[in-house]
Amino acid sequence: MPESPERDLRWQALVLAGVGGQGLQTTLEVLALAADEVGLTLQTFAPLSLARLAGSACCHLRFGPVPTPRIAPGQADLLIVLEMSEVLRVLPLARAGALAFISTWRRPPLAAGLQGQPYPDQEALAAALRRGGVTGIFVEPRCCGWSRAGEEEPKSEEVPPGLLSLFMLAVCCSATGLLPYAALEHALAQRLEEEPAVAAVARRLFACAWQRGALLSLPPGA
């Protein structure tokens, strides 16, 4: 009898953080379908009620047989952060040596703006990550297409907020080998089967993000 792929999982605890309107629920469903296809157990803790009101959302995911999907502080192996400043909210969940894939997409919190608080820049966020022993990988949510004849540079396509979660998932999975492309692509097709126009855009951006992730340089041992 072949051994379960869960015995050799390198990344078991994942935190997906963002704000409402970034497609978190769709991404959770794609992850569940893809994990099932390759024989992995996936448990989730996803209180998305605030996200429905455009507030912050933090989803916990664990691969393999575990007593609870909730991730305690200092236990997360991977962070996928869809709104740049949200990394500060979930950073305490990461263990030393964890990886954080952070979209540079910004939506400053309304309360902070009313109180005159500055939005943290990338340098400040990188410093916070270093203090926590976490490797931060900042990803601009854009894809470059092929240039047409006579054009000097290829056109750049910005990732729509509603597909940003899928885009960042592809970057993370490609860079870490968390889940294979074929299983994710199949899961994406299943989830968006009744939305062909959205599915076509999602597939294109997913493929672009996968190429982006394959080019990333991770720290030794990651």
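The values are calculated or read from the model by the stated rules, or taken from the named source; none is laboratory data. Keep in mind that what you see is a predicted model, and the values were worked out from it rather than measured. When we count neighbours, we look across all protein chains shown, and the Cβ atoms used for this are built from the backbone with ideal geometry, even at glycine.
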**Q.** Residue that is buried (at least 19 other Cβ atoms within 10 Å of the Cβ) and either assigned to a loop (DSSP other than H, G, I, E, B) or among the aliphatic types (A, V, I, L, M) (or both), where the choices are Leu169, Leu216
**A.** Leu169
Q.
If a residue must be modelled with pLDDT under 95 and of a type in the set (Ser, Thr, Tyr), how many such residues does region 112-137 contain?
A. 1
Q) Can you spot a residue in region 53-72 that is in contact with a Lys or Arg (Cβ under 6 Å, 6 or more places away or on another chain), modelled with pLDDT of 85 or more, surrounded by fewer than 15 Cβ atoms within 10 Å (Cβ to Cβ) and among the small types (Gly, Ala, Ser)? A) no
Q. So Ala182 clears everything in (1) surrounded by 15 or more Cβ atoms within 10 Å (Cβ to Cβ); (2) more than 19 Å from Leu16 (Cα to Cα); (3) modelled with pLDDT of 95 or more except one condition, right? Which one?
A. (1)
Q.
Need pairs with beta-carbon distance below 7 Å; first residue under 9 Å from Phe101 (Cβ atoms) and at pLDDT below 95 and within region 161-176, second in a helix (DSSP H, G or I) and not polar (S, T, N, Q); sequence gap 6+ or separate chains.
A. none
